[in-house]
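Only one structure is covered here, and it is reproduced in the block below.
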Amino acid sequence: MIWHLAKHFCLATCCFAALSVSARAQDDGGGTDINFAQPIAGVEIDATGVLRTQRLDHRVANERLMAARQKRGAGAMDASELRKVSLNRLEKAVAAAIAAGQRPSEEMLSMAGLTGIQYVFFYPETNDIVVAGPAQGAFRDPMGRFLGINTGVPIVQLEDMVTALRAFGPGAKPTKTISVSIDPTPEGLQRMQKFLASLGGIVRPGQERIIAANLQQNLGMQNVTLKGVPFTTNFARVLVEADYRMKLIGIGLERLPIPLASYTDRSSPGGSASALQRWFFIPNYDGVSVSEDGLAVKLNDRGVKLISESEMVDSSGTRTAGGRVNRASQGFCDDFTKQYNRIAQLVPVYAELRNLIDVSIAAAYIQQQDFYAQADWSMPVFGDESQFAVETHVAPQQVETAVNAVWKGSSLLTPIGGGINMQPRQALTKERLSVEADGRSDAVKQLAAPDDLAAGQWWWD
């Protein structure tokens, strides 16, 4: 029997997964069990900037979690429904630690355990610029990210907050776009087209793996393009990882333990021989409200959307926008968006991505309202890489192509490329920003104001 091959194949960028472990860590009170049963790998970036899979030992994560839970009752290790963190006081605490020849504490680096940013406040009486949200004790997983000891949710990291503040710094031109894209090269696409043409449209059953291997070889390495933040930050690592894994889920190389059909599950034979499906993450910018005096803002909706578009590729490997969005592609994007919060519970990088959106919108608002000038805060430490370094990671520059050959009737189907595009100031336009008439955010702001803080104190509940 001979099957006819349409010039479609199922393609994505490299493969990796976020942290997880294959055991249930038993809580000793004050929280629920953390289910680390999802099989995972970590991201390893070698000296040349190439991302590859890295397997982790779940026992290390469990040991660190158990050790951290023994510290409950000590400072920020307790959970809080609303914790307030003064950014300028935190900077002074970090500066004091550096001056004493010490590293900033884990409590500082995990921002007192914030699991997200719900509010941004400015207190003119004390000149405090404050971010606030729910919090819990934090521990570092084997990849170095902070997770909550009660739920395992990723914690907002100070280095990401600082990266966002630099993107929207005092007196600086606002960063228009923070984005990442992982794309095949024109040369790789040209080689791919030549290889597909050489098949003559006819292959035999059982040749899927050979075809996939040849597609992978011909496409070669894919390039990472990043805008808005330095390549060598953790911020960049999260953007690349989130984009990376999303494609694997879309093409069926990664399966989640929830009813989420991949693009390939939904696809049917037919379509243009040169059509490519691309997927992008964008923030859900709707649902930001501000107090009448502008000194308090609330992020009501921390959503993330996955959107789809089509491209065409010619025999030379040139890509152009065109074609209608495929139904299967649109359905995958819609369902991924609807289930984003649930996916983020299973795959930590998507909770991290949501945190990056939080810190970016918070930093954009601080700059837009010029809280820097009102607080007389020039970020002398956080704004200086030589004093507080965030550009300490190997820059992700390339990824290995991953290919999944999946038959649908007589066709092999293929999405490629994609990315993440964040424009935080869009959340703050007049069309999206609603002014509160009932003073709800201002009431939260006035609750536990920073009037009587002890010397050196930078967070409070």
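Observations, loosely collected:
- Filter result for Ala373 (surrounded by fewer than 24 Cβ atoms within 10 Å (Cβ to Cβ) and either in contact with a helix residue (DSSP H, G or I) (Cβ under 7 Å, 6 or more places away or on another chain) or not in a loop (DSSP other than H, G, I, E, B) (or both)): yes
- Taking the stretch 158-177 as the range and being polar (S, T, N, Q) and out of contact with any Lys or Arg (no Cβ under 7 Å at 6 or more places or on another chain) as the test, the residues that pass are Thr163, Thr175.
- Check on Thr320, at pLDDT 85 or above, polar (S, T, N, Q), surrounded by fewer than 21 Cβ atoms within 10 Å (Cβ to Cβ) and out of contact with any helix residue (DSSP H, G or I) (no Cβ under 9 Å at 6 or more places or on another chain): no
- Among the residues making up the stretch 188-242, a single one is under 16 Å from Asn404 (Cα atoms) and basic (Lys, Arg): Arg209.
- Scan of the stretch 98-109 for residues that are touching a residue at least 12 places away in the same chain (Cβ under 8 Å) and either of a type in the set (Lys, Arg) or out of contact with any Leu (no Cβ under 7 Å at 6 or more places or on another chain) (or both), ordered by number: Ile98, Pro104, Glu106, Glu107
- Every residue from the stretch 342-384 that is farther than 30 Å from Arg245 by Cα and of a type in the set (D, E, K, R): Asp370, Asp376, Asp384
- Scope the stretch 274-317; condition among the hydroxyl-bearing types (Ser, Thr, Tyr), in a loop (DSSP other than H, G, I, E, B) and modelled with pLDDT of 75 or more; matching residues: Ser291
- Tally, over the stretch 124-168, of residues that are hydroxyl-bearing (Ser, Thr, Tyr) and out of contact with any strand residue (DSSP E or B) (no Cβ under 7 Å at 6 or more places or on another chain): 2
- Complete set of residues in the stretch 351-402 that are small (Gly, Ala, Ser), within 23 Å of the chain's Cα centre (by Cα) and over 30 Å from Thr337 (Cα atoms): Gly383, Ala389
- The stretch 129-170, subset among the acidic types (Asp, Glu) and under 17 Å from Val94 (Cβ atoms), residue surrounded by the fewest Cβ atoms within 10 Å (Cβ to Cβ): Glu159
- Subset tally (residues that are assigned to a helix (DSSP H, G or I) and at pLDDT below 85) for the stretch 207-226: 10
- Within the stretch 230-249, the residues that satisfy the criterion of being out of contact with any strand residue (DSSP E or B) (no Cβ under 6 Å at 6 or more places or on another chain) and within 19 Å of Phe280 (Cβ to Cβ) are Phe235, Arg237, Val238, Ala242, Tyr244, Arg245, Met246, Ile249.
- Where strands (runs of 3 or more DSSP E) sit wholly within the stretch 118-178, those with at least 3 residues that are closer than 20 Å to Phe382 by Cβ occupy 119-123, 128-135.
The values are calculated or read from the model by the stated rules, or taken from the named source; none is laboratory data. In this text the structure is predicted, and so the values were computed from the model without any measurement. Counting neighbours? That spans all protein chains shown, and the Cβs are built from the backbone with ideal geometry, glycine included.
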